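Undergrad: First the structure, which I've put down as structure tokens, then a few questions once you've had a look.
The values are calculated or read from the model by the stated rules, or taken from the named source; none is laboratory data. Since we're looking at a predicted model, the values are computed, not measured. Cβ: placed from backbone, ideal geometry, glycine included. Neighbour counts: every protein chain shown. Accessible surface is based on the protein model in full, side chains and every heavy atom, while ligands, DNA and RNA are left aside. Shrake-Rupley method; radii C 1.70, N 1.55, O 1.52, S 1.80 Å.
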Amino acid sequence: MNIIFLGPPGAGKGTQAQLICQKLGIPQISTGDMLRAAIANQTETGLKAKSFMDAGQLVPDEVVIAIVKERLQAEDCKAGYILDGFPRTVAQAVALGGIADIQAVVNIAVADEALVKRLSGRRVCPVCGAPYSVERLAGQTQCAVDGATLIQRDDDKPETVLGRLTVYHQKTAPLIDFYRKEGKLLDIDGDQDAQAVTAAILTALEAK
Ligand code: AP5
Ligand code: MG
């Protein structure tokens, strides 16, 4: 199955995509993680993306569409994949429609107030991108998978988080109607504990 995970910053797209990809044995394709890796490796894409990401703005459509197009051609995508954080604009969704057959769009909904709290308490692994929350870490500072020291993302600072939410409402939220009209949207309440969210997503996907 080719699946999109849609939702505002902090909704739990990365958390859920990682769990469900493991379960289904398909790759997680996170444009945010790919762009952060490009910045770390100082590639041409990374240089183009950095200022937009630091400011909490979207990276230009043509840059993101190009990296997704290339990634979807890889062998491991043949059995299906989860797109985490792409598409994020109507132009990206239209471009994706021309290169991929998407069966389901999982829309993870969480209220803005809860998102601000989650994002300011998030720490991530700089190696695998796995997200953690400060509350649950209880003082632990390393990734359970890689042992790498967890960091705070630059765009998780409070002033940038509010800007990212505004960008989401203006540019990405219209995709909810876009995919609802195509009959692909699965509405998931993301404001419950992570295990309950996983169960709700799996149930919705099975019924699809
Ligand atoms: P990206 O990396 O995709 O960030 P985002 O969409 O803002 O989403 P996040 O990763 O912040 O949130 P998430 O939904 O994955 O939540 P998570 O699981 O981590 O994009 C970053 C930037 O890259 C963008 O701003 C843009 O510049 C650029 N970019 C990326 N894609 C692009 C595109 N297509 N077009 C243009 N530009 C693009 O969870 C968040 C926190 O909450 C964690 O601490 C987690 O532990 C906790 N949590 C998760 N689930 C729960 C739960 N159920 N209850 C309580 N806490 C929870
Ligand atoms: Mg994410």
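Undergrad: Mind jotting down the distance between the C-alpha centroids of the range 179-208 and the range 43-60, whole Å?
TA: 30 Å
Undergrad: Continuing with this model, one more query. Helix-derived [θ] at 222 nm for the chain: sum -39500 (n - 2.57) over DSSP H runs of at least 4, divide by residue count, nearest 500? Mind dumping the intermediate values first?
TA: On the way: 10 runs with 99 residues, N = 208.
Result for the chain, helices only: -14000 deg cm²/dmol.
Undergrad: Working out 0.36 nm times the residue gap between Leu162 and Cys77, then minus their Cα-Cα distance, what length gain in nm do you get to one decimal? Before the final figure, lay out each step's value.
TA: Working: separation 85, 0.36 × 85 = 30.60 nm, distance 3.39 nm.
Contour length minus the Cα-Cα distance gives 27.2 nm.
Undergrad: Please report the carbon-and-sulfur percent of the accessible area for the chain; probe 1.4 Å, protein heavy atoms only, DNA, RNA and ligands left out.
TA: On the way: 5530 of 10430 Å².
Reported share for carbon and sulfur atoms: 53 percent.
Undergrad: Let me ask you something else. At a 10 angstrom cut-off on C-beta neighbours, averaged per residue, how do the peptides 58-64, 31-37, 10-16 rank from highest to lowest? Provide the component values of the computation, followed by the final result.
TA: Details: 58-64: 17.6, 31-37: 20.4, 10-16: 23.9.
With the highest mean Cβ count within 10 Å placed first, the list reads 10-16, 31-37, 58-64.
Undergrad: Also, quick follow-up: Taking amide hydrogens as modeled 1.01 Å from N in the peptide plane, which residues meet the under 5 Å criterion relative to Leu186, leaving out close sequence neighbours?
TA: Residues meeting the amide H criterion: Val105, Val106, Asn107.
Undergrad: For the range 75-177, what class follows from the C-alpha gyration tensor (a ≥ b ≥ c being the square roots of its eigenvalues): rounded when a/c is under 1.5, otherwise prolate if a/b is larger than b/c, else oblate? Before the final figure, lay out each step's value.
TA: On the way: a/c = 2.53, a/b = 1.38, b/c = 1.83.
Oblate is the answer for the range 75-177, as a/c is 1.5 or above yet b/c matches or exceeds a/b.
Undergrad: Label the chain by shape, choosing from rounded, prolate and oblate, from the square roots a ≥ b ≥ c of the eigenvalues of the Cα gyration tensor; if a/c is under 1.5 it is rounded, and otherwise prolate applies when a/b is larger than b/c, oblate when it is not. Walk me through the numbers on the way to the answer.
TA: Details: a/c = 1.30, a/b = 1.14, b/c = 1.14.
Rounded, because the longest to shortest axis ratio a/c is under 1.5.
Undergrad: Also, I was wondering about something else. Taking a 29 Å limit on the Cα-Cα distance, which of the listed pairs Lys23/Lys50; Lys69/Lys117; Lys50/Lys171 fall beyond it? Provide the component values of the computation, followed by the final result.
TA: Working: Lys23/Lys50 32 Å; Lys69/Lys117 34 Å; Lys50/Lys171 19 Å.
Beyond 29 Å: Lys23/Lys50; Lys69/Lys117.
Undergrad: I'd like the FRET efficiency for Ala114 and Val145, computed as 1/(1 + (r/R0)^6) with the beta carbon distance as r and R0 of 25 Å, rounded to 0.05. Please list the in-between numbers first.
TA: Details: r = 26 Å, r/R0 = 1.04.
For Ala114 and Val145, the calculated efficiency is 0.45.
Undergrad: What FRET efficiency, computed as 1/(1 + (r/R0)^6) with R0 = 25 Å and r the Cβ-Cβ distance, is obtained for Gln57 and Ser133, rounded to the nearest 0.05?
TA: Numbers: r = 25 Å, r/R0 = 1.00.
It comes out at approximately 0.50.
Undergrad: Right, here's the next one. How would you rank 166-178, 134-146, 96-108, 40-52, highest first, on the average number of other Cβ atoms within 10 Å across their residues?
TA: Working: 166-178: 15.5, 134-146: 11.6, 96-108: 17.0, 40-52: 13.8.
Taking the mean over residues of other Cβ atoms within 10 Å, the ranking is 96-108, 166-178, 40-52, 134-146.
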